[in-house]
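Right, one structure below, let's go through it.
The numbers here are math on the coordinates, done by the rules we state, and not lab data. This structure is a prediction, so every number in the text was calculated from the model and none was measured. Cβ placement follows ideal geometry from the backbone for every residue including glycine, while neighbour counts extend to all protein chains displayed.
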Amino acid sequence: MTTDSATPTPLAPPAEAHEMPSPELRRALRTIAGHTQGDVAREVGVSQWAVSYWERTAKGPGRRHFTRYLLLLMSYAETARELGLPITWPAQPSTSANPAQK
């Protein structure tokens, strides 16, 4: 079986977000967003057991599911921020130029 590595990923996470958050944060983000492990499993295309494993251990998904899971976690982080929670993952782009300073 061959795979076409030249096929682009439909939505690629930004470079600064390529690190998976801790298992504890993965679970917290999912919970804050109001989703079950089953919801995540269906969205990513894995079993509920796999999501449970990713939330209990430092081992995250393999290459096949990494991007989809990472994007899902990023959307959950955005939901948490919209609720006013101090989520620092993924790192927010810093604004190096302050318009007030000239």
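Summing Lys and Arg as +1 and Asp and Glu as -1 over all other residues whose Cβ lies under 14 Å from the Cβ of SER22 gives a net charge of +2.
For region 60-67, putting each phi into the Karplus relation 6.51 cos²θ - 1.76 cosθ + 1.60 with θ = phi - 60° gives couplings of x, x, x, 4, 4, 10, 4, 5 Hz, in residue order, rounded to whole numbers and with x for Gly and Pro. I want the local charge near GLU55. Using Cβ-Cβ distances under 10 Å, sum +1 for each Lys or Arg and -1 for each Asp or Glu among the other residues. Neighbour charge sum, excluding GLU55 itself: +3. For the peptides 52-62, 72-82, the ranking by packing is 72-82, 52-62, with the highest mean count of neighbouring Cβ atoms within 10 Å listed first. If R0 is taken as 35 Å, the Cβ-Cβ distance between ALA58 and THR36 corresponds to a FRET efficiency of 0.95.
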